[in-house]
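These notes concern the structure reproduced below.
Quick note: the coordinates plus some simple rules give every number you see, no bench work behind them. The structure presented is a predicted model; accordingly, all values stated were derived computationally and were not measured. Counting neighbours? That spans all protein chains shown, and the Cβs are built from the backbone with ideal geometry, glycine included.
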Amino acid sequence: MARAAAHYVCQECGASASKWSGRCDACGAWNAIVEEAGGQAPPRGLKGSKGRVVEFTALHGKAAEVARRATGIAEFDRVVGGGLVPGSAILIGGDPGIGKSTLLLQVAAALAADTQCAYISGEESVDQLRMRAARLGLAHAPVALAAATDVRDIVASLDTPTGPRVVVIDSIQTMFVDNLDSAPGTVTQVRASAEALTRLAKRRGFTVLFVGHVTKEGAIAGPRVLEHMVDTVLYFEGERGHAFRILRAIKNRFGPTDEIGVFEMTGAGLSGVDNPSALFLADRSDDVSGAAVFAGIEGTRPLLVEIQALVVRSAQATPRRAVVGWDSGRLAMVLAVLEARCGVGLAGSEVYLNVAGGLRIAEPAADLAVAAALVSALTGKPAPSDAVVFGEIGLSGEVRAVAQMDLRLREAKKLGFTRAIVPAKGRARLSAPEGLKLREIARLSELVELLGVDT
């Protein structure tokens with residue numbers, strides 16, 4: 001039998017090398033390459049053997065409808081596409097203590113009424129799981145608990161015709177395959193463990209949910225191939241100082257990838273938020289400068305959130321720019337356009353920008369609301385408290401139309417807003433709800449004049 005050859009694997013990206021080096025050539029990470037024992041070499045002559053002929057079929061044809069198991073937790077079902085698909089693998093990542101285990105325990109308990117569910121933990125004992133269930137009021141839910149880390153034992157327990165239909169693995173970084181010499185959490189172990197459990201789930205038709213740790217950069221720890229192996233990748237976001245948690249789909253083979261679910265952390269666990277706009281705006285003050293209400297879209301859901309800005313004169317050569325919940329690159333662009341196209345000088349000032357409630361905004365439609373908050377903070381005059389703002393800003397100072405403007409306006413009207421500052425382009429196909437007055441902005445300079453800045 002051929003001798004197993006040692007090889008070196010980067011713990012950041014999973015790249016393999018024949019010798020050790022201080023820096024990975026694939027991803028550039030330093031001190032991330034670790035020696036791992038290789039698998040057995042293939043038998044001599046295997047490369048020359050013939051494979052089985054693959055059968056091809058036509059593109060057209062009837063596809064079977066995907067049967068889903070709805071959990072009853074509306075926000076979770078929204079993100080995964082309406083429920084759990086049998087035979088699928090779902091990976092949930094997030095910062096430590098954000099509530100990943102709590103959410104999945106609630107999901108398992110919600111499904112356990114009519115579906116066999118198992119929760120396998122490699123980090124906590126069964127007693128710790130029972131204490132958490134009692135704290136959440138789920139002590140009587142018929143969920144099967146186990147504390148195990150050996151994938152061989154887990155596969156043997158689940159590989160039965162009468163096995164559970166939903167399985168939670170908490171977490172995939174603690175699992176190990178005993179025929180590999182690598183330690184749990186290494187690239188080789190994470191890849192092999194996820195592959196074995198995913199293959200079993202698809203063969204037996206049960207849904208497996210993996211909990212994944214994240215690195216200090218916020219990415220799921222382990223090889224990137226782990227995200228390619230599973231069907232759905234979810235990120236659980238939020239700040240520990242806030243009660244809100246955001247469940248965001250990054251990849252979903254059975255549903256949309258731009259949906260979010262909003263949860264509130266309470267003493268009884270995570271509860272879904274039916275109207276997150278009202279919750280995000282609950283603590284808003286009407287007479288404070290440096291704040292503007294942005295009407296955004298997350299997936300199919302309109303979402304209103306307050307954007308706050310603070311401008312402070314600085315004596316430093318390089319004033320500070322601090323951003324929470326938005327792209328710092330887009331902030332730099334908005335500041336440059338304000339100064340070059342509108343004459344609003346912010347080069348010598350420190351700028352702080354915050355999206356209230358811990359939400360992260362990625363769409364360019366927030367440009368106009370950010371500009372309104374910045375101008376209001378600079379002048380000290382509050383922006384209109386009964387108005388929502390949205391629109392994309394171009395480098396020449398023009399304000400561009402954004403998608404789903406009607407949906408944004410309807411949400412603003414529902415929450416009691418009477419005015420909206422919107423892009424002038426696309427007005428012909430825009431119908432404002434009754435009682436909502438539109439203020440069309442074609443160029444950013446019009447917004448500056450509207451807020452009373454003398455340029």
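How large is log10 of I(q)/I(0) for the range 276-315 at q = 0.18, 0.35 Å⁻¹ when the intensity is taken from the Debye formula with one equal scatterer per alpha-carbon? So the normalised log intensities are -0.57, -1.21. Taking the inverse of the mean 1/r over every pair of distinct Cα atoms in the range 279-450 gives a Kirkwood hydrodynamic radius of 15.9 Å. Across all Cα atoms of the chain, the radius of gyration (one decimal) and Dmax (whole number) stand at 26.2, 83 Å.
Under a model in which nothing but the beta-carbon of Lys, Arg (+1) and Asp, Glu (-1) is charged, the range 74-273 shows a dipole of about 260 debye around its Cα centre. Beta bridges assigned by DSSP with both partners in the range 74-273 are antiparallel in approximately 40 percent of cases. The stretch between ALA347 and ASP406 holds 17.6 nm of extra length on full extension. This uses 0.36 nm per residue minus the Cα-Cα distance. Along the charge dipole of the chain, which of GLY51, CYS24, THR379 sits closest to the positive end, that is, farthest toward it, with unit charges on the beta carbon of Lys, Arg, Asp and Glu (+1, +1, -1, -1)? Checking the options against the dipole of the chain, the answer is GLY51. With 0.36 nm allotted per residue and the present C-alpha distance subtracted, the VAL324-ASN179 stretch has 47.7 nm of extension available.
Altogether, the Stokes-Einstein calculation at 25 °C and 0.890 mPa s, with the Kirkwood radius of the range 203-351 over Cα pairs as Rh, returns a diffusion coefficient of 130 µm²/s. Which stretch or stretches of the range 352-390 have amide N atoms under 15 Å from the point lying 7 Å from LEU279's Cα along the Cα→Cβ direction? Counting backbone N atoms under 15 Å from the label point, the list is 356-360. Just to verify a number: FRET efficiency for LEU415 and VAL34, C-beta to C-beta distance, R0 = 60 Å, to 0.05? The computed FRET efficiency comes out at 0.70.
Find the relative contact order for the chain and round it to a whole percent, using C-alpha pairs within less than 8 Å whose residues are 6+ positions apart. Walk me through the numbers on the way to the answer.
Values: 947 pairs, mean separation 54.4, N = 455.
Reported as a whole number, the value is 12 percent.
Helix 100-111 and the longest principal axis of the C-alpha atoms of the chain enclose an angle of approximately 70°. Extending 7 Å from Cα along the Cβ direction at GLU239 and again at SER271 yields two label points whose distance is 2.3 nm. Here's the picture: charge each Lys and Arg Cβ at +1 and each Asp and Glu Cβ at -1 in the range 279-450, and of ILE361, PRO433, VAL311 the one pushed furthest to the positive end of that dipole is PRO433.
Counting only cysteine Cβ atoms and a cutoff under 4.7 Å, the chain contains unmatched residues CYS117, CYS342. In the chain, the longest principal axis of the Cα atoms and the axis of helix 405-414 are about 80 degrees apart.
Summed over qualifying helices (DSSP H, 4 residues or more, each -39500 (n - 2.57)) and divided by its residue number, the chain shows a 222 nm mean residue ellipticity of -7000 deg cm²/dmol.
Could you estimate the translational diffusion coefficient of the range 136-206 from the Stokes-Einstein equation, with Rh from the Kirkwood formula over C-alpha pairs, at 37 °C and 0.692 mPa s, in whole µm²/s? Walk me through the numbers before you get to the answer.
Numbers: Rh = 13.1 Å.
This corresponds to a translational diffusion coefficient of 251 µm²/s.
Compared with the direct C-alpha span, the chain from HIS140 to SER431 gains 99.6 nm at full extension, assuming 0.36 nm per residue.
Classify the range 74-273: rounded, prolate or oblate, from the alpha-carbon gyration tensor (a ≥ b ≥ c, eigenvalue square roots; a/c under 1.5 rounded; otherwise prolate if a/b is larger than b/c)? Taking the square roots of the gyration eigenvalues as a ≥ b ≥ c, the range 74-273 is rounded. The label-point distance for ALA336 and LYS251, in a model that sets each label 7 Å from Cα toward Cβ, rounds to 3.3 nm. Compute the helix-to-body angle for 126-135: its Cα long axis versus the longest principal axis of the chain, expressed 0 to 90° and rounded to tens. So the helix axis and the longest Cα principal axis differ by about 30 degrees.
Can you tell me what share of the DSSP beta bridges in the range 279-450 is antiparallel? A percent to the nearest 5 is fine. DSSP beta bridges in the range 279-450 are roughly 55 percent antiparallel. Projecting the Cα atoms of VAL126, VAL225, GLY163 onto the charge dipole of the range 74-273 (Cβ charges, centred on the Cα centre) puts GLY163 farthest toward the positive pole.
With contacts taken as Cα pairs under 8 Å at a separation of at least 6 residues, the range 228-318 carries a relative contact order of 18 percent.
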